[in-house]
Amino acid sequence: MHSRILALAILLLLAAASPVFAYGKSVEDLVGSFSIEKTIKIGSSSECFSSAGAADPLTPPQSGGASALADDQPPGLVGFAFLPQQISAATPEPINLTAHLIDDQGVWAAEAAFSGPLGEEATALFSSQNLTSGNAKDGYYGAQMLLPPSNETGEWHLQNLTLVDREGNRRVLVEEDLQGLGLPTVITVA
């Protein structure tokens, strides 16, 4: 009987002396690689403020799953132009825009947003249907834009050019960015 009590006491002492963090460890805990994917919606995200039925043309359909080699770089802008750069307020005409876009996994869409002298807005959307030459990885996209009817003269300034790839990576270039590249940003209405 004493030997049983002595053995039980030794087992209790050994258990009490063992560090707590050692329990629950196994070989499986140390083998393999693991990743966790988490999506966080930010207040400025178009997903937070869009209506449920309206689709944002700059949001690509979500891909099946992320991998270690997933694309995390936004598209690049090689060139941007529009003609005419000056139009008449009396007889408005469409403005033809061209964007040369590149992305290693493929461009989804781009949007040029302009604002007028009275705060009016006009946008041009470049999507896969607007690919005029090249391919989704290196292509030229065309779009047309009409300024809202007005007899107001003045300048329309490019507010931003948003580029989106097929994974949803975005690059937003503002007027100063394009001016720094020597690209046009102003439409004059005379």
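The values are calculated or read from the model by the stated rules, or taken from the named source; none is laboratory data. Remember, it's a predicted structure, so these values are computed and weren't measured experimentally. We place every Cβ from the backbone using ideal geometry, glycine too, and count neighbours over all the protein chains shown. Surface areas here come from the heavy atoms of the whole protein model, side chains and all, with no ligands, DNA or RNA. Shrake-Rupley method; radii C 1.70, N 1.55, O 1.52, S 1.80 Å.
Just so you know, in segment 164-176 the residues that are among the hydrophobic types (A, V, I, L, M, F, W, C) and within 18 Å of Thr98 (Cβ to Cβ) include one that is surrounded by the most Cβ atoms within 10 Å (Cβ to Cβ), and it is Val164.
Right, Glu111: over 16 Å from Gly168 (Cα atoms), open to solvent by 10 Å² or more (accessible area, probe 1.4 Å), at pLDDT 90 or above and among the acidic types (Asp, Glu) or not? Here the answer is no, as Glu111 does not meet what is asked. Any chance you could count how many residues in segment 164-176 are in contact (Cβ under 8 Å) with a residue 40 or more places away in the chain and outside any loop (DSSP other than H, G, I, E, B)? Counting residues in segment 164-176 that are in contact (Cβ under 8 Å) with a residue 40 or more places away in the chain and outside any loop (DSSP other than H, G, I, E, B) gives 5. Where residues in segment 118-163 are open to solvent by less than 90 Å² (accessible area, probe 1.4 Å) and part of a loop (DSSP other than H, G, I, E, B), which of them is modelled with the lowest pLDDT? The selected residue is Ser150.
Does Gln179 count as without any contact (Cβ under 8 Å) to a residue 12 or more places away in the chain and open to solvent by 70 Å² or more (accessible area, probe 1.4 Å)? So Gln179 fits the description; yes.
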